[in-house]
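**Student:** Sharing a structure below in structure tokens format, with a few things to ask.
The values are calculated or read from the model by the stated rules, or taken from the named source; none is laboratory data. Worth saying up front: this structure is predicted, and the values here are computed from it rather than measured. Here the Cβ is made from the backbone with ideal geometry for all residues, glycine too, and neighbour counts use every protein chain on show.
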Amino acid sequence: MVDILGGIIEAFQLIVTGDPMLYGIVYRTLFFSGIAVILATLWGTPISMLLGLREFRGKSIVKGLFNTLIGIPTVVLGLFLFLLFSRGGPLGFLGLLYTPGAIILGEAILVTPILVSIMTTAIEAVDPEIMKLAKTLGASESQASIAVLKEAINGVLLSNVASFNRAIAELGVALLVGGNITGLTDVLTTAISRYTARGDLDLAIALGILLMLIVFSINIIIIAARKAKMLLTIGKSPQ
Amino acid sequence: MQTWQKLLIVAALATIIVIAGTLVYFNYLSKRRLIISTTTSLYDTGLLDELEKDYEAKNPSVDINIISAGTGIAIQHAKNGDADLILVHAPAQEKTFLEEGWGVNRKIIAYNFFTIVGQENDPADTQGKTTNEALRNIANYGGNITDQSGTTKIWISRGDNSGTHTKEQSLWKSAGYNYTLISAEPWFGITGSGMGDTLNVANEKLAYTLSDIGTFLKYEKDDITSEVALIDEAESLLNIYSAMAVNQTVAANQTIHEKINFEDAMDFIVYLASTETQQFIENYGKEDYGQSLFFPAVQPLVDDAPQPVVGWIEKAAFIEGSDCPAKYRVGYPDLYD
């Protein structure tokens, strides 16, 4: 049978000795997910500002769409992007398939719905009086929007953290458009699947431990941020 | 201009930077990329990793990128122009592949034997039988177990169109079964995934399965599976690995296929067929497992060596009397001397 304890011990040895291959995978995972979240934030912020601050026809439909897309199975998105990026596909001329760029774009698309949904809710939760007040004080439309965004900063950060969490833990997109190429496009999740299939269980366990450490740290940050926000609100409360 | 419009422009620019950065890097800054799509069995044994290291050390301007999938997707990769070279083990599919013009310069590189594995107590009585008898015994045993709810599995299939799966289908056919019908039986399990995962499931379900020897020996040695090899080294279980370069001049797909890295693909095939690499392949795994995981095929075929296995390979994997008939060759005559 599988020697789980032995695997865990060997895994810790690999982690402690700083196995370069192991940390290469960690570095790539953080890098791809990080850039993906930055990209998604750049797309997501203007969309969330429109959804949170303006009224237009079909707004609830658009919001509903983003909410629904949060749950898109990563492997379905991965398949779709694979067909799109394949040299024989519509975007094949870009030659993106099996490159880090493809993973970054794919993960950015994957996390956009969750990012937009959280950010929109945060913007909507800001007191509308702030916008009015800013304008009364002579702020332009743009300056007033930015004032609202600043008020919603906790929500904005939360949307980023949640997106990063989703990107780092997903398998389907990275596997199908990245190809799990050793040293180039393998990330924690895809490498775990590879080393499990190969029977290199100590490596798979070590990578699993690192992935969990990263995800747990992120969740601790979320909890801490929420607490800080609560304290801030209590401090501000006029009563 | 409003804030959100400015932000959208920034977002568009950032997206373009990511795409352009990737393109510039892979077209101008990185080494020449050679994308190899391969079967999981070659990849999961670690042999290709070693060959990659060795080749890259000798050819520092080439970066080998290995995509590990089944034979089915490897062929799809070649058709889409997503791979430059494929390493597969399904002679019938390879023949079609050459006939349809997707690949050229096929070379039989190595062989080994599939093995039917199962629990040591061998409830269906397969040990020492021919593959046909063994499969019939398994099917009869499966049909007679009391639990026909689909929970108890007696046979686990890859079900992923890989070379191993193709082999399994032909074995069932040769034993006198219609694969579509037999695979719908409640005792017949399908994983749809790689060899390692399938071995894990077979082990878990105490079921029989067909495995390539490399993956199985590794799992056996690392005690990941408690199953044992029940039948091996029969003509019907021969497993033949070939390399094929993806055709650079596919009329229907001209613009896509002209980007294929044909030169490096062919250089790698020549490397695989070289005496030195063939020796390396034979030695791979000997120390760890006490036996070769793969046997070199190039020299025995050239010599038309007297061992029965040479005749088996010629029978199973030759196309019109050779690795690759002249009409499917593009240059590199030395490869076929």
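**Student:** Going by what's in this entry, would residue B:217 be described as of a type outside the set (Asp, Glu), in a helix (DSSP H, G or I), surrounded by 14 or more Cβ atoms within 10 Å (Cβ to Cβ) and in contact with a strand residue (DSSP E or B) (Cβ under 6 Å, 6 or more places away or on another chain)? Explain how you work it out, then say what you get.
**Tutor:** Values: of a type outside the set (Asp, Glu): yes; in a helix (DSSP H, G or I): yes; surrounded by 14 or more Cβ atoms within 10 Å (Cβ to Cβ): yes; in contact with a strand residue (DSSP E or B) (Cβ under 6 Å, 6 or more places away or on another chain): no.
The answer is no for residue B:217.
**Student:** Do we have any residue at all in the range B:254-274 that's touching a Gly at 6+ places or on another chain (Cβ under 7 Å), surrounded by fewer than 20 Cβ atoms within 10 Å (Cβ to Cβ) and within 14 Å of another protein chain (Cβ to nearest Cβ)? If you could, list the steps in order and put the result at the bottom.
**Tutor:** First, pick out the residues of the range B:254-274 that are touching a Gly at 6+ places or on another chain (Cβ under 7 Å): B:256-257, B:259-260.
Then keep just the ones that are surrounded by fewer than 20 Cβ atoms within 10 Å (Cβ to Cβ); that gives B:256, B:259.
Right, trim to within 14 Å of another protein chain (Cβ to nearest Cβ) and you get B:256, B:259.
Looking through the range B:254-274, at least one residue is touching a Gly at 6+ places or on another chain (Cβ under 7 Å), surrounded by fewer than 20 Cβ atoms within 10 Å (Cβ to Cβ) and within 14 Å of another protein chain (Cβ to nearest Cβ).
**Student:** Here's another thing I want to ask about it. I'd like the residue in the range A:60-95 that is touching a Ser or Thr at 6+ places or on another chain (Cβ under 7 Å) and in a helix (DSSP H, G or I) and, out of all such residues, is farthest from residue B:250 (Cα to Cα). Even if it seems obvious, please write down each step before you answer.
**Tutor:** Just the residues of the range A:60-95 that are touching a Ser or Thr at 6+ places or on another chain (Cβ under 7 Å), to begin with: A:63, A:66-67, A:70, A:92.
So of that shortlist, the ones also in a helix (DSSP H, G or I) come out as A:63, A:66-67, A:92.
Numbers: A:63: 46, A:66: 42, A:67: 44, A:92: 16 Å.
Filtering first and then ranking leaves A:63.
**Student:** Is one or more of the residues making up the range B:114-125 touching an Asp or Glu at 6+ places or on another chain (Cβ under 8 Å), of a type in the set (S, T, N, Q) and outside any loop (DSSP other than H, G, I, E, B)?
**Tutor:** Yes, the range B:114-125 contains at least one residue that is touching an Asp or Glu at 6+ places or on another chain (Cβ under 8 Å), of a type in the set (S, T, N, Q) and outside any loop (DSSP other than H, G, I, E, B).
**Student:** Read through the list (1) in contact with a Ser or Thr (Cβ under 6 Å, 6 or more places away or on another chain); (2) farther than 22 Å from residue A:91 by Cβ; (3) crowded, with 23+ Cβ neighbours inside 10 Å, then give the number of the only condition that residue A:204 fails.
**Tutor:** (3)
**Student:** Could you check the range B:188-201 and list, in sequence order, the residues that are more than 14 Å from chain A (Cβ to nearest Cβ) and either crowded, with 24+ Cβ neighbours inside 10 Å or within 20 Å of the chain's Cα centre (by Cα) (or both)? Lay out the reasoning, then the answer.
**Tutor:** Going residue by residue through the range B:188-201, those that are more than 14 Å from chain A (Cβ to nearest Cβ) are B:188-190.
Selection gives B:190 alone.
**Student:** If you don't mind, another one. Under 7 Å by Cβ, and 6 or more places apart or on different chains, what pairs join a residue from the range B:140-152 that is more than 12 Å from residue B:205 (Cβ to Cβ) with one that is among the acidic types (Asp, Glu) and loosely packed, with under 14 Cβ neighbours inside 10 Å?
**Tutor:** Note: no pairs meet the criteria.
**Student:** If a residue must be over 15 Å from residue B:230 (Cβ atoms), assigned to a helix (DSSP H, G or I) and not β-branched (Val, Ile, Thr), how many such residues does the range B:140-167 contain? Don't jump to the end; show me each part of the working.
**Tutor:** Just the residues of the range B:140-167 that are over 15 Å from residue B:230 (Cβ atoms), to begin with: B:140, B:142-153, B:157-167.
Keeping just the survivors that are assigned to a helix (DSSP H, G or I) gives B:140, B:142-144, B:163-167.
Subset that is not β-branched (Val, Ile, Thr): B:140, B:142-144, B:163, B:165, B:167.
Total satisfying the criteria: 7.
**Student:** Quickly run through the range A:191-212 and pick out the residues that are under 19 Å from the mean Cα position of the chain (by Cα) and either under 14 Å from residue A:164 (Cα atoms) or of a type in the set (Phe, Trp, Tyr) (or both).
**Tutor:** A:211, A:212
**Student:** Next up: Within the range B:203-227, can you find the residues that are within 14 Å of chain A (Cβ to nearest Cβ) and within 15 Å of residue B:153 (Cα to Cα)?
**Tutor:** Within the range B:203-227, B:203, B:204, B:206, B:227 meet the criteria.
**Student:** What number goes with the only condition from (1) closer than 30 Å to residue B:87 by Cα; (2) within 14 Å of chain A (Cβ to nearest Cβ) that residue B:119 does not pass?
**Tutor:** Checking residue B:119 against (1) closer than 30 Å to residue B:87 by Cα; (2) within 14 Å of chain A (Cβ to nearest Cβ), the one that fails is (1).
**Student:** If you don't mind, there's one more thing I want to ask. Of all residues in the range B:304-320, which are at pLDDT 90 or above and surrounded by fewer than 12 Cβ atoms within 10 Å (Cβ to Cβ)?
**Tutor:** Within the range B:304-320, B:315, B:320 meet the criteria.
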